[in-house]
Structures are given as structure tokens and as C-alpha cells.
Amino acid sequence: MSINLEDNYRHKGMRKQLVDLLRTKGISDEKVLAAINEVPRHVFLDSSFVELAYQDMAFPIGSGQTISQPHTVAFQSQLLDIQSGMKVLEIGTGSGYQACVLAVMGAKVFSIERQRNLYFKTKEILEQLSFRVKTFLGDGFEGLPTYAPFDRIIITAGAPTIPEKLIEQLKPNGIMVIPIDDENGNGQKMLRITKMADGSLKQEEFGDFRFVPMLKGEGKD
Ligand code: SAH
């Protein structure tokens, strides 16, 4: 697959407008906004969507999956409170865009994807960009015990419950940001879970979102 890495003045101008829009929607963390301004989102989309890459919308990325809406990416990144050098685990690599935003914010990102096609396609794109992201093919419910513990964990698919193994792989004082399925089947509620020093969990809720489902096991395609 040939990937067009061109990032021209038009793309940069559209990205700046997107950043301004995200500010009006309540994103205030300057590190998040700077990362959105830096990562060329159009490179992660099929070329037919390039004109729409800087709209605040989700888009199909193949294998029935989507690249999250920029506002959702910014919102989850802001809740994570990333400090430079932190180890971050992402569940749901998808296009790789969210992972790159976190990498630009200074995180060392480990990201798991269950769909084989998507995993390989994104790996190829990431190899041509110079962000600090390691990708893995597997089931996010299992996490990455070999690389644990993590300072932060972000789940970018709608989870039925809080995955026990991921809580185990979170450091004390670590933060997990996870969209949990709503009881009435209407999308997800965004939760921020802090693992306190004594191991207890503090849970905060941050509004309604809509994600593709977090599914068990490795995907077939
Ligand atoms: N973070 C992505 C958004 C991806 S959409 C981006 O920036 O583009 C959610 C992704 O989660 C999909 O690619 C889906 O295949 C993946 N997914 C769903 N369940 C999973 C699981 N158990 N483990 C790993 N990935 C999973």
C-alpha cells in the first residue's frame, strides 16, 4: 500500500481550525491541543476522505471500524493527564491516530488491536511516521502483562464492564479512561478510574459517547 505522507499548508490550516473548534467545545489542555495541531489526521484515513479529515467527525477505516471523532480523542487525552515519559496502554489501535496524539504528548504508547487486517495496515502507516508507538495484535481484555504496569490505560472501544486484568496492570495512582456501556444500550458513559495508593478505585463520570464495541478474543479479519 502506498501512503501519501504529504502535509501541506492547506492541511495545516484545516488542523488549526479544528483546534479552534475543539477549544470552543471545551478542550482546554494546551498539550492536547498542540498534539492535535501536530498529528496529520488525514494520513490515517483512506484517501477518499482526505477532504473531511479535519471535520469533527468519526470515519470508517476498514474492517467495520472507525477512527474516533477528534473531540473524543481530545477529551480522552485530556482526562488521561499525560506527563512526559509515562507508559500508556491503549486498547483499540484502530487507525493509530489516538496513539500518535498521546505519543506527541510525551507518552510511550503500547497499543493493542484485535483485527488482523487493521493491525497490519496501521503498523505500516506508523512505521512511516516517527511517533513513539508500539503496536500489538491481540485481545485487549488481556492487556500486556509483559510490559505492565502502566501509568495510564485508555480504552477506545465500548466496554461491557471494567476489565479486571487491566486494573491489575495499572500502577498505584494510575488512571484509566474507559467508555462503559450504558444500561439502556444507548452508547457509553465515559469513566475515569483512579487506582488509589491503597488499591481502591475512585470512579468519576464524564458524559455520553458512542464507540464501536470492545469484543473478546482476536478478530477473524
Ligand atoms: N483508537 C482508534 C479508534 C479505534 S475504534 C483510533 O484512534 O483510530 C476501536 C478499535 O478497537 C477497533 O479497531 C476495534 O477493532 C478495536 N477493538 C475492539 N475490541 C478490542 C479488543 N478486545 N482488543 C483490542 N482491540 C479491540
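The values are calculated or read from the model by the stated rules, or taken from the named source; none is laboratory data. From a predicted model like this one, the values you see are computed outputs, not experimental measurements. Don't worry about glycine lacking a Cβ; one is built from the backbone with ideal geometry, like all the others, and counts go over all protein chains shown. Just the protein is used for accessible areas: all its heavy atoms, side chains included, with ligands, DNA and RNA removed. Shrake-Rupley method; radii C 1.70, N 1.55, O 1.52, S 1.80 Å.
With a simple spin-label model that places each label point 7 Å from the Cα along the Cα-to-Cβ direction, the separation between Glu38 and Ser84 comes to 1.0 nm.
Here the simple spin-label model places points 7 Å from the Cα toward Cβ, and for Lys165 and Lys12 these points are separated by 4.4 nm.
The long axis of helix 70-80 is offset from the longest Cα principal axis of the chain by roughly 40 degrees.
How would you classify segment 1-159 from its alpha-carbon gyration tensor, with a ≥ b ≥ c the square roots of the eigenvalues: rounded for a/c under 1.5, else prolate if a/b is greater than b/c, otherwise oblate?
Details: a/c = 1.66, a/b = 1.19, b/c = 1.39.
Cα axes put segment 1-159 in the oblate bin.
Summary value for segment 81-176: 31 percent relative contact order, contacts being C-alpha pairs under 8 angstrom separated by 6+ residues. Against the chain, whose longest principal axis is taken from its Cα atoms, helix 9-24 shows a tilt of about 40°.
For the chain, the relative contact order comes to 15 percent (Cα pairs under 8 Å, sequence separation of at least 6). Per-residue 3J(HN,Hα) values for segment 137-142, derived from phi via the Karplus relation 6.51 cos²θ - 1.76 cosθ + 1.60 with θ = phi - 60°, read 9, x, 9, x, 4, 8 Hz in sequence order (x marks Gly and Pro). For the pair Glu127 and Glu204 in one chain, pulling the backbone fully straight at 0.36 nm per residue adds 24.1 nm over the alpha carbon distance. So, with a 1.4 angstrom probe, what is the percent of accessible area on segment 111-157 that is carbon and sulfur? Reported share for carbon and sulfur atoms: 49 percent.
Considering just Cα atoms, how many Å³ per residue does the convex hull of segment 152-220 enclose?
Working: hull volume 6.2 nm³, N = 69.
Hull volume over Cα atoms, normalised by residue count, gives 90 Å³.
Could you pull out which residues in segment 153-172 have an amide N less than 12 Å from a spot 7 Å beyond the Cα of Lys216, following the Cα-Cβ vector? The answer is 160-161.
Restricting to Cα pairs below 8 Å that are 6+ residues apart, what does the relative contact order work out to for segment 1-112? Please round to a whole percent. List each step's numbers first, then the result.
Numbers: 136 pairs, mean separation 27.7, N = 112.
It comes to 25 percent, rounded to a whole number.
Can you compute the FRET efficiency between Leu5 and Gln69 using 1/(1 + (r/R0)^6), with r the Cβ-Cβ distance and R0 = 25 Å? Round to the nearest 0.05. FRET efficiency, Leu5 to Gln69: 0.60.
If R0 is 22 Å, what FRET efficiency do you get for Glu51 and Lys25 from their C-beta distance, rounded to 0.05? Let's see the in-between values first.
Numbers: r = 21 Å, r/R0 = 0.97.
Given R0 = 22 Å and the Cβ-Cβ separation, E is 0.55.
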